[in-house]
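Beneath this line is the structure, given in structure tokens, with notes to follow.
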Ligand SMILES: [Zn+2]
């Protein structure tokens, strides 16, 4: 996988500059822990939910395996499966976009970077939306945006909570502005959930960055992160190069996000299913849990905006800078 697959560089500060390869183990050594070097057989990886038994490092999880980890046996019912990206821009970087899509599908069996569907978690019906980083860096294009919106609609119509597991390099650059529009589209869908009083639990897995971190993933009623996950708009290396400042060791990691209040809790994968089930139960008991927010009183917005403009013209008198 090359950096051109995704829109942000998630390699750590002082990394070897190989982009996502620094964050996600290369396929040849994918069962070797990048943190401690322990090696596992594939069946051990599956049984241990792809967490290193020795040091607790959380390996990436493919979307369908994540569904198996979270959902009750036999409850997964995928929807919007047939959606596929078009190539409206006729985009070519080192390869044509349709070729990249076909290649990603051939290698991982996913049609795009998200699957959505009905499921139950410990007996509670939910709608699940799960991203897959292996599909073009988990980038969000029109299909991911549309699938998330359909998942949210389904949650509203069937009165289920929505649980999303994100893992993304950001917007899909091959779809240009159409990919950026998915940010607004998914945010509007979260708003719809909110209006309907349906809970939304957002789980951020490594890495959740760029346009996904800056849209629906950050809007959960409760935001859960996996330990050690990189959760930031831009990767540390880009931020350091831009600001030329020394960054803290844990910049952008789940642990620092928790300290700054950007996430609510960090949950090891072994406890994720139980935690999500508990959150869903707490948030969906009884009446819709969110009261409708009253509109601002007549004139309040105009008065507040007037105050901002007066403050601004005191700072920058109109004739001072011509
Ligand atoms: Zn390890």
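The values are calculated or read from the model by the stated rules, or taken from the named source; none is laboratory data. All values derive from a computational prediction rather than experimental measurement. So basically every Cβ, Gly included, is an ideal-geometry build from the backbone, and we count neighbours across all protein chains shown.
Okay, here's what the table says:
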| quantity | calculated |
| --- | --- |
| Flag if residue 86 is part of a loop (DSSP other than H, G, I, E, B) and closer than 21 Å to residue 268 by Cβ | no |
| Options 269, 237, 291, 310: the member that is modelled with pLDDT of 85 or more and farther than 27 Å from residue 180 by Cβ | 269 |
| Which listed residue is modelled with pLDDT of 95 or more, closer than 21 Å to residue 210 by Cα and part of a helix (DSSP H, G or I), from 129, 104 | 104 |
| Filter pass, residue 263 being crowded, with 18+ Cβ neighbours inside 10 Å and either assigned to a loop (DSSP other than H, G, I, E, B) or on the phi > 0 side of the Ramachandran plot (or both) | yes |
| Considering residues of the stretch 173-203 that are farther than 23 Å from residue 156 by Cβ and in contact with a strand residue (DSSP E or B) (Cβ under 6 Å, 6 or more places away or on another chain) only, the residue surrounded by the fewest Cβ atoms within 10 Å (Cβ to Cβ) | 180 |
| Answer from 171, 164, 151 - the residue that is in contact (Cβ under 8 Å) with a residue 24 or more places away in the chain and within 10 Å of the chain's Cα centre (by Cα) | 164 |
| The lone exception for residue 258 - which of (1) in contact (Cβ under 8 Å) with a residue 40 or more places away in the chain; (2) in a helix (DSSP H, G or I); (3) under 30 Å from residue 284 (Cβ atoms) it fails | (1) |
| All positions within the stretch 255-287 that are touching a helix residue (DSSP H, G or I) at 6+ places or on another chain (Cβ under 7 Å) and over 18 Å from residue 71 (Cα atoms) | 263, 266 |
| Of all residues in the stretch 50-92 being within 16 Å of the ligand (Cβ to nearest atom) and free of Cβ contacts under 8 Å to residues at least 60 places away in the same chain, the one that is farthest from residue 204 (Cα to Cα) | 54 |
| Subset of the stretch 203-217 [under 20 Å from residue 185 (Cα atoms) and over 8 Å from the mean Cα position of the chain (by Cα)] | 210, 211, 214, 215 |
| Residues that are free of Cβ contacts under 8 Å to residues at least 60 places away in the same chain and assigned to a helix (DSSP H, G or I), drawn from the stretch 219-240 | 219, 239 |
